[in-house]
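The values are calculated or read from the model by the stated rules, or taken from the named source; none is laboratory data. Keep in mind that this is a model prediction, so the values were computed, not measured. As a convention, Cβ positions derive from the backbone with ideal geometry for all residues, glycine included, and neighbour counts pool all protein chains shown. The area values use the complete protein model at the heavy-atom level, side chains included, leaving out ligands, DNA and RNA. Shrake-Rupley method; radii C 1.70, N 1.55, O 1.52, S 1.80 Å.
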Amino acid sequence: MVKKILASLVLLGATFSTSSAFAQFQDNAFRYWYSSDFRESDTNNGKNIAKSILSFTHVDGGNTLGNNFLNVDLLKSSASDPTAPAPISPSSTGATEVYVVYRHDVSLSKVTGKKYAFGPVKDVLITAGVDLNTKNTYFAPGKRMPVFGPTFALKVPKGFWDVSFLWDKEWNNNGFAHHGVEFHSAAMLATSWGVPLFKVAKAPLSFEGFGLINSTKGPDAFGNGTKPETLLHPKVMYNVGKLISEKHNWQIGAGYEWWNNKFGNDNHKNPGSCAHAPFVELAIHL
């Protein structure tokens, strides 16, 4: 699965090399964030798990070719979330996960030359993309989830706030069941935002984040019903680079991640399926 994800990233890179040349804006950032309060379903008796996460994020767009968003997370768990071959022979090494999110959207206003603005909406976009992941645990997930649907860009004084209504369908693997699973189609309400707040000592403070609600997606690999999934990830970031006249944005901040019924698992039946994780973050925009 790692090879498939890397191959997909190469294809996405080719897409970026074409579209970025015509982009009106683009941003590349590396982020490191940490929390000792993450959780994983049916892992560590439902107790907290520490994770260090290194992320790369690319954003570009502003033209008729559309906008690209790519985020790659490399998540390293403590030994409380062990690698395979646990649970048969528990490992003292924490698991490593790669999670990739890619979205491409096209503005209907720019494509058609007509305004798609009404009420609080300043534009309507068509969004398509995919989520991919792999993790070296006994469960051995291999998520492949395409998404498609409309996105509404909302009017805000500065920054952005997007709300999407997406169709998604997931294929995954279950190492305990020793086979893959094809879930039913589901409906997702997703949002992301980045809004400047005010300046502190001449450096800007911003409120950023994302969230989603994903509907039930049918039975899992054992025939058990899945639950609606909710993820909320708000954070406040401070651009300390401005204090030292750094031309790039160097941000430090903190946030809170609430993840309920993670990946559709029932938090009343599967311990660890609900996480309340405050985190700290360092971001460097290139």
Solvent exposure ordering (accessible area, 1.4 Å, most first) of LYS122, LYS158, LYS115: LYS115, LYS158, LYS122
Centroid-to-centroid separation of the range 156-189 and the range 222-286 [C-alpha atoms, Å]: 17 Å
Charged-residue dipole, Cβ positions (Lys, Arg, Asp, Glu), the chain about Cα centre, Debye nearest 20: 600 debye
Surface per residue (accessible, 1.4 Å probe) for the range 72-224, Å²: 50 Å²
Long pairs among LYS114/LYS158; LYS155/LYS242; LYS114/LYS202; LYS155/LYS202, criterion Cα-Cα beyond 30 Å: LYS114/LYS202
Nearest-ten-degree value, helix 2-19 long axis tilted from longest Cα axis of the chain: 10 degrees
Accessible area of the chain belonging to carbon and sulfur atoms, whole % at 1.4 Å probe: 65 percent
Principal axis dimensions, the range 109-253 - Cα atoms, whole angstrom, descending: 56, 41, 24
